[in-house]
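Enquirer: The structure follows.
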Amino acid sequence: MYDELHNAWKAEKSSQKLQPLPRDFYQRTTAYLEGLSYESPDREPRDLQGRLTAREKDIVSRLLRELKEIRRTKIYQAAQNHSEINSTDLTEEEAMLVEVIKYPESGSRIPESIPSSSKLGAEDSLVVVRFLQDIPEVVGTDLRIYGPFKKEDVASVPSTNAKALIDQGAAKAIDFKKVEKDERVINE
């Protein structure tokens, strides 16, 4: 599986066009990555095999994260340019993403079965933010659609997306510890 992932990553980086991937590619890669996670705890971190397994897990997580990001970008560029996207080149998750892009008025969302980046090794937890301006739909780092949002809406979004929105001045993080403290003061 490692070689298949590496070859897919390399092909995607070296081409402007979306490269074909098997429909079950993300499921199989996720299973492979989870297998590496199960191997790691059994090993002593100082053990050579344990260090090698941990390093492989890190590399697989990075390759997969980059591959998904490159492919998402290509899918959105094709949609913006009204280019045809060959559905046989897409994974199941990407095919659903294309449907959401093509038919946003249907209100369909990407199903929960799509492996989130956190399941793929990237630690990207949800952060609650308050929007300071209207924001159209955005694709989260977990490939889910978030929004659209109106000014003063409150929502949970992946931390990477939240950071970008905060840096742009479009949102502000909500600190629940401060909110709880303020509520106690008001209620007393």
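The values are calculated or read from the model by the stated rules, or taken from the named source; none is laboratory data. These numbers come from a predicted model, not from an experiment. We place every Cβ from the backbone using ideal geometry, glycine too, and count neighbours over all the protein chains shown.
Enquirer: Which residue is nearest to A8 (Cα to Cα), if the candidates are limited to region 44-102 and must be among the polar types (S, T, N, Q) and not in a helix (DSSP H, G or I)? Before the answer, list the steps.
Expert: Of the residues in region 44-102, the ones among the polar types (S, T, N, Q) are 49, 53, 61, 73, 77, 80-81, 83, 86-88, 91.
Subset that is not in a helix (DSSP H, G or I): 81, 83, 86, 91.
Details: N81: 24, S83: 22, N86: 17, T91: 12 Å.
The extreme case among them is T91.
Enquirer: Pull out all pairs, ordered by first then second residue, where Cβ-Cβ is under 6 Å, the residues are six or more apart or on different chains, the first lies in region 1-30 and is in the same structural domain as T88 (by TED's automatic domain parsing), and the second is acidic (D, E).
Expert: L18/D89; Q19/E12; P20/D89; R23/E92; Y26/E93
Residue-by-condition table, conditions (1) at pLDDT 80 or above; (2) surrounded by 15 or more Cβ atoms within 10 Å (Cβ to Cβ):
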{"position": "T73", "(1), (2)": "yes, no"}
{"position": "E94", "(1), (2)": "yes, yes"}
{"position": "S106", "(1), (2)": "no, no"}
{"position": "I110", "(1), (2)": "no, yes"}
{"position": "L120", "(1), (2)": "no, yes"}
{"position": "D124", "(1), (2)": "no, yes"}
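Enquirer: Now, a different point. Checking L90 against (1) at pLDDT 85 or above; (2) out of contact with any Lys or Arg (no Cβ under 8 Å at 6 or more places or on another chain), which test does it fail?
Expert: Condition (2) is where L90 drops out.
Enquirer: Return a yes/no flag: does region 135-148 have any residue that is farther than 22 Å from E94 by Cα and without any contact (Cβ under 8 Å) to a residue 24 or more places away in the chain.
Expert: From region 135-148, those farther than 22 Å from E94 by Cα are 135; that's our starting set.
From what's left, without any contact (Cβ under 8 Å) to a residue 24 or more places away in the chain: none.
Checking region 135-148: not a single residue is farther than 22 Å from E94 by Cα and without any contact (Cβ under 8 Å) to a residue 24 or more places away in the chain.
Enquirer: While we're on this one: What's the number of the only condition in (1) within 18 Å of F25 (Cβ to Cβ); (2) modelled with pLDDT of 80 or more; (3) not hydrophobic (A, V, I, L, M, F, W, C) that D142 fails to meet?
Expert: Looking at each condition in turn, D142 falls short on (2).
Enquirer: If you take the residues in region 1-37 that are of a type in the set (F, W, Y) and surrounded by 14 or more Cβ atoms within 10 Å (Cβ to Cβ), which one is nearest to the chain's Cα centre (by Cα)? Walk me through how you get there before you give the answer.
Expert: So the first thing to find is which residues in region 1-37 are of a type in the set (F, W, Y), and the list is 2, 9, 25-26, 32.
Now restrict to residues that are surrounded by 14 or more Cβ atoms within 10 Å (Cβ to Cβ): 9, 25-26, 32.
Details: W9: 16, F25: 15, Y26: 12, Y32: 18 Å.
Checking each candidate, the answer is Y26.
Enquirer: Only residues that are modelled with pLDDT of 80 or more and among the β-branched types (V, I, T): list them for region 1-53, please.
Expert: T29, T30
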